[in-house]
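Participant: First the structure, then my questions, so here it is.
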Amino acid sequence: MSDSKKYDTQLFTGVVVEQDASGRYRPKTGVTPNVWRTGKHTKGKFKQIGQVFLTEKGQAIAVLNTEKLAFNKRHNYSSLQRWTSQQVSLELLKDWL
């Protein structure tokens, strides 16, 4: 593959979140962190820890950590679908950070 077809890839460790009665996202009880990556067709941009993204299956995930990912290793991870403007407070994520 030529360099012109490559795109920036990153890994995101995150935890599944769900909306409470007020519409705010909170970590789902009993979940463990997992890892996703940006893909060629990922919509939006990562801004900060706690930001919510949607997986290709529509699951909401809050970012706990990010790291660079070598382009040739990208197929080892599921890609995320799109970033949202939603944010989970770091206070709610403190048990995972």
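Participant: Amide H neighbours of residue 56 under 5 Å, at least 5 residues apart or on other chains, H built in the peptide plane: list them.
Facilitator: Placed amide hydrogens put 81 under 5 Å from residue 56.
Participant: Can you sort 90, 80, 54 by 1.4 Å-probe accessible area, starting with the largest? Provide the component values of the computation, followed by the final result.
Facilitator: Numbers: 90 95, 80 5, 54 30 Å².
Ranking 90, 80, 54 by accessible area, largest first, yields 90, 54, 80.
Participant: If you don't mind, another one. Can you list the HN-Hα couplings for the stretch 35-50, worked out from phi with the Karplus curve (6.51, -1.76, 1.60; θ = phi - 60°), rounded to whole Hz and with x for Gly and Pro?
Facilitator: Here the 3J(HN,Hα) series is 10, 10, 9, 6, x, 4, 9, 4, 9, x, 9, 6, 10, 6, 4, x Hz.
Participant: Which residues in the stretch 40-79 place their backbone N less than 18 Å from a point set 7 Å from the Cα of residue 87 along the Cα-to-Cβ direction?
Facilitator: Answer for the stretch 40-79: 44-54, 61-66.
Participant: If you plug each phi of the stretch 59-73 into the Karplus form 6.51 cos²θ - 1.76 cosθ + 1.60 with θ = phi - 60°, what whole-Hz ³J(HN,Hα) values come out, in order, with x for Gly and Pro?
Facilitator: Running phi through 6.51 cos²θ - 1.76 cosθ + 1.60 with θ = phi - 60° gives 7, 8, 10, 9, 6, 9, 7, 9, 8, 5, 10, 4, 3, 6, 9 Hz.
Participant: Going Cα to Cα from residue 43, which lysines come in below 21 Å? Please leave out same-chain ones fewer than 8 positions away.
Facilitator: List returned: 5, 6, 57, 68, 73.
Participant: Below 8 Å, C-alpha to C-alpha, sequence gap of six or more: please give me the relative contact order for the chain in percent. Mind showing how you got there, number by number?
Facilitator: Numbers: 192 pairs, mean separation 33.8, N = 97.
Relative contact order, the chain: 35 percent.
Participant: Another question, then. Test of understanding: what is the full-extension gain from residue 43 to residue 56, defined as 0.36 nm times their sequence separation minus their Cα-Cα distance? Let's see the in-between values first.
Facilitator: Values: separation 13, 0.36 × 13 = 4.68 nm, distance 1.14 nm.
Result for the pair: 3.5 nm of gain on full extension.
Participant: Among [x] 12.8, 39; [y] 13.7, 49; [z] 15.1, 56, find the value of Rg and Dmax of the Cα atoms in Å that was calculated from the structure presented, and write down its label.
Facilitator: [y]
Participant: Using the Cα centre of the chain as the reference point, and only Cβ charges (+1 on K/R, -1 on D/E), how large is the resulting charge dipole? Debye, rounded to the nearest 20.
Facilitator: The calculation lands at about 380 debye.
Participant: Could you give the longest part of the chain that holds none of the trypsin sites (Lys or Arg not before Pro) found in DSSP loops with at most 12 neighbouring Cβ atoms within 10 Å? Before the final figure, lay out each step's value.
Facilitator: Values: sites that count: 6, 40, 45, 47, 57, 94.
Between exposed loop sites, the widest span is 58-93.
The values are calculated or read from the model by the stated rules, or taken from the named source; none is laboratory data. All of these numbers come straight from a predicted model, not from anything done at the bench. Neighbour counts are summed over all protein chains in view; Cβ atoms, including those assigned to glycine, are modelled from backbone coordinates with ideal geometry. Protein only, heavy atoms only, side chains kept; ligands, DNA and RNA dropped before computing areas. Shrake-Rupley method; radii C 1.70, N 1.55, O 1.52, S 1.80 Å.
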